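Below: one structure, written as structure tokens.
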Amino acid sequence: MKILIDECLPAGLKKEFVGFDVYTVYDLGWSGKKDKDLLAEASLNKFDVFITVDKGVEKQINITKYDLSVITIEVPKNILKYLVRSVNSIKEDIQKLEKNNFYQIKTGSKLTRIN
């Protein structure tokens, strides 16, 4: 499972996904790209999942153009101590994700498809 973590998330989140092939936008030199451009690059580079905290991305992007899933994490603050609370739920369900779909997770809950 190949995961791309958005640049708006702390780089330390990458370490929480032990056992997965994980990269940050920064790792790949894609910083500053718009979400639609990131998704295009991620799809071309065979990523399975893009993780972000960007709200409303599902309203801005036509996900059917990209061969991956997008997970939006909703947290009170975009800091590692809040984000890691969602990681176990993501890891439990990540293999079940269907490509070309948006998913959301709120602290203390499970992944939910939102499109």
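Annotations for the structure displayed:
- Of all residues in the range 1-22, those being farther than 18 Å from Tyr82 by Cβ, touching a Phe, Trp or Tyr at 6+ places or on another chain (Cβ under 8 Å) and at pLDDT 95 or above number 3.
- Hits in the range 10-27 (condition: in contact with a strand residue (DSSP E or B) (Cβ under 8 Å, 6 or more places away or on another chain) and surrounded by 15 or more Cβ atoms within 10 Å (Cβ to Cβ)): Leu13, Lys14, Phe17, Phe20, Val22, Tyr23, Thr24, Val25
- Residue in the range 62-85 that is β-branched (Val, Ile, Thr), part of a strand (DSSP E or B) and touching a Cys at 6+ places or on another chain (Cβ under 7 Å) present: no
- Hey, Lys34 among the charged types (D, E, K, R) and at pLDDT below 95 or not: yes
- For the range 96-115, the candidate set comprises residues that are touching a helix residue (DSSP H, G or I) at 6+ places or on another chain (Cβ under 6 Å) and touching a residue at least 40 places away in the same chain (Cβ under 8 Å); within that set, the residue that is farthest from Ser86 (Cα to Cα) is Asn115.
The values are calculated or read from the model by the stated rules, or taken from the named source; none is laboratory data. Keep in mind it's a predicted model, so treat the numbers as computed, not measured. Positions of Cβ are generated from backbone atoms using ideal geometry, with glycine treated the same way; all protein chains shown enter the neighbour counts.
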